[in-house]
1. Compute the distance from the alpha-carbon center of the range 137-202 to that of the range 65-83, in whole Å.
2. Would you mind classifying the range 14-105 by shape? Square roots of the alpha carbon gyration tensor eigenvalues, ordered a ≥ b ≥ c; an a/c under 1.5 is rounded, otherwise it is prolate if a/b is larger than b/c and oblate if not.
3. Which percent of the accessible heavy-atom area of the chain goes to carbon and sulfur, probe 1.4 angstrom?
4. Once you've got the GNM for the chain with C-alpha springs shorter than 10 Å, pick whichever of SER110, SER66, SER175 has the biggest mean-square fluctuation.
5. Convex hull over the alpha-carbon atoms of the chain: what's its volume per residue in Å³?
6. By its C-alpha gyration tensor, with a ≥ b ≥ c as the square roots of the eigenvalues, how is the range 124-169 shaped: rounded for a/c under 1.5, else prolate for a/b larger than b/c, else oblate?
7. Mean residue ellipticity at 222 nm from the helices of the chain, using -39,500 (n - 2.57) per DSSP H segment of n ≥ 4 over the full residue count, to the nearest 500 deg cm²/dmol?
8. Do the alpha carbons of any pairs in LYS39/LYS178; LYS17/LYS105; LYS20/LYS105 sit beyond 31 Å of each other, and which pairs?
Amino acid sequence: YAPRFVLFENVRGMLYKNHKYLDLIQDQLRSLGYIVEHKLYNAVRFGVPQNRERLIVVGHRGTWRSPDVSLQRHFTAGEALGELAMQVPPDARFLTPSMDQYVAKYERASKCVNPRDLHLHLPSRTVTCRNLYGATGDMLRIQLQDGRRRMLTVREAARLQSFPDWFEFAGSEESQFKQIGNAVPPLLAKALADAVRTALLLEDLDSESIKLAAESGKQFELGI
């Protein structure tokens, strides 16, 4: 039994370094009778306060239409974090002097023009497991007014992914960061789900039209 619709996402690297693997998957889907399309989507265009490009691959029967993008502007990290941005929670994790030195060395080596701190007037960089919890120079962090730089909390990371505040994550802090970093942003997921729902409804309408046409033809033949 073949599903009526196939959709999956992955990192943009599948279009480049791993394109042979992507080609193989698409060829196999076509051999099963699907029309296959792929497209790179940036979550920031769907209301997510984060530049996050993801490859979406769709296998359909002819009714797929890409999600509509009607945003007039992009939302910023500052708008998403709101009052949390300049607060210092009791369990706040700050960059140590040695980490600051490592970050400075990392930015010099990578010829970074702007510090990799979170710029609140812009959408966030891509949220990943590594830059939420790993001790790397790529880490997402907020620079406070006193100059200290602190790492993001679970709730702040979730907001940058467009999770509502009522959504709860289970497990250790590291596990929660992994869940957030690996997630498809809910607002992008909703747009894709709405597009799938529309495609399936159109498919049902087409099937019903064919059925009605066939029944009308039978009735015409019986009349003759």
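The values are calculated or read from the model by the stated rules, or taken from the named source; none is laboratory data. Here the structure is a predicted model, which means the values were calculated and not measured. Please note that ligands, DNA and RNA were not included when accessible areas were found on the heavy atoms of the full protein model with its side chains. Shrake-Rupley method; radii C 1.70, N 1.55, O 1.52, S 1.80 Å.
1. What the calculation gives is 14 Å, centre to centre.
2. Working: a/c = 3.79, a/b = 1.88, b/c = 2.02.
Since a/c reaches 1.5 but b/c is at least a/b, the shape of the range 14-105 is classed as oblate.
3. Working: 7470 of 13400 Å².
The value for the chain is 56 percent carbon and sulfur by accessible area.
4. SER110
5. Values: hull volume 39.9 nm³, N = 224.
Looking at the chain, the number lands at 178 Å³ per residue.
6. Numbers: a/c = 2.22, a/b = 1.43, b/c = 1.55.
Judged from the Cα gyration tensor, the range 124-169 comes out oblate (a/c at least 1.5, b/c at or above a/b).
7. Values: 7 runs with 91 residues, N = 224.
Using -39500 (n - 2.57) per qualifying helix, the result is -13000 deg cm²/dmol.
8. Numbers: LYS39/LYS178 25 Å; LYS17/LYS105 28 Å; LYS20/LYS105 36 Å.
In this structure, LYS20/LYS105 lie more than 31 Å apart at Cα.
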